[in-house]
Amino acid sequence: YTYIWDNEIDSVNPNGKIDFSEQTYRLKITTNVGYHWRIGLDGRLIRFQPFYTTPSNAYMAGALLQYGFYLGDYSRFVLELGLKSGNYCTCGDGAPYMKNNLLHLGYGWGFDFKIWHSVFMDLGWQRYYILNKLPKKYSYTQYIIGLKYQFPVPEVNR
């Protein structure tokens, strides 16, 4: 969840100071292609509400590549690179809005901490840049806290 407050707009919004809110729901499916490497698909539903308007649903979906450093008992530090198509435009002077046919290139990092059998706590950070030529575009940054289930697989030889 992301909330942006603006103390200057109290007179415009008698219900409070929240200027922009956003919730992101992510589904990621990956598979091992070696001991350190994983490839996969990533989809995000971004529900956002700028300036007290009706909520909108945007999306980003595409491929990802991960390199993991194992930290004992299956916990790991991960570097990630992704290429996604979507309609979430972080551009212009105001809050994000929807614009079709955008291409996003992103990178990030994360920690997967094993908490029970095949269940992991996922903590991370990602930043995406719009590759399309648009005026006043800016990056889309996410801080991630989530749960991950890893289907049991045979040991990968080191």
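Taken together, the values in this text are just the output of simple stated rules run on the coordinates, not laboratory data. Fair warning: this is a prediction, and the values are worked out from it, not measured in the lab. Heads up, the Cβs are rebuilt from the backbone with ideal geometry, glycines too, and the neighbour counts pull from every protein chain shown.
Grab the beta carbon distance between TYR35 and THR141, set R0 = 35 Å, and tell me the FRET efficiency rounded to 0.05.
0.70
Report the one residue of LEU134, TYR149, LEU79 whose Cα lies farthest in the direction of the positive end of the charge dipole of region 76-158 (charges on C-beta: Lys and Arg +1, Asp and Glu -1; origin at the Cα centre).
Toward the positive end, the furthest listed residue is LEU134.
Taking N as the number of residues in region 50-140, what is its Cα Rg relative to 2.2 N^0.38 Å?
Against the compact-globule rule of thumb, the ratio is 1.34.
Cα-Cα over 28 Å: which of LYS84/LYS137; LYS114/LYS137; LYS28/LYS99?
LYS114/LYS137, as the Cα separations exceed 28 Å there.
In debye, nearest 20, what is the charge dipole magnitude of region 21-112 about its Cα centre with +1 on Lys and Arg Cβ and -1 on Asp and Glu Cβ, if you could check?
With Lys and Arg at +1 and Asp and Glu at -1, about 180 debye.
For region 67-146, what's the relative contact order in percent, using C-alpha pairs closer than 8 Å and at least 6 residues apart?
Relative contact order comes out at 27 percent.
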